[in-house]
Ligand SMILES: [Zn+2]
């Protein structure tokens, strides 16, 4: 069975793994199971922090899509397309709470002021 495996797939899997993908992610991409890919990459040592940097955070994907949904919802509510300068802000800071009562439109500079009062904390919405 191992003889049938295309060497370029193994090389590709090892490359993905070096880039910081998890074995599970690599296995999914090359279409082999976890155990097989784990065997291919077991001699590769990699920097954990680089892996952490490269990993796509599920949260950030959600953050983006939820914010886009809030924007769409507000545009539908207002009946026009928001300008680049107009930001949909989540009043309760919960970017997953896309109820109209939790949304307001601010211009870009007012919005960044909202998020910088008293602290340097970045937040979701
Ligand atoms: Zn905001």
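What is the spin-label model distance, in nm, from residue 43 to residue 108 if the labels are put 7 Å beyond Cα along the C-beta direction?
If labels sit at residue 43 and residue 108, their model points lie 5.2 nm apart.
Pop out the Kirkwood hydrodynamic radius of the stretch 63-122 from its pairwise C-alpha distances, inverse of mean 1/r, in Å to one decimal.
Values: mean 1/r = 0.0843 Å⁻¹.
Radius from the Kirkwood sum: 11.9 Å.
First measure r as the distance between the Cβ atoms of residue 64 and residue 93, then evaluate 1/(1 + (r/R0)^6) with R0 = 25 Å and state the FRET efficiency to the nearest 0.05.
Working: r = 17 Å, r/R0 = 0.67.
Given R0 = 25 Å and the Cβ-Cβ separation, E is 0.90.
Throughout, read-outs are computed from the coordinates displayed, never taken from laboratory work. Model, not experiment: these values are computed from the prediction. Note: ideal-geometry Cβ built from the backbone for every residue, glycine included; neighbour counts use all protein chains shown.
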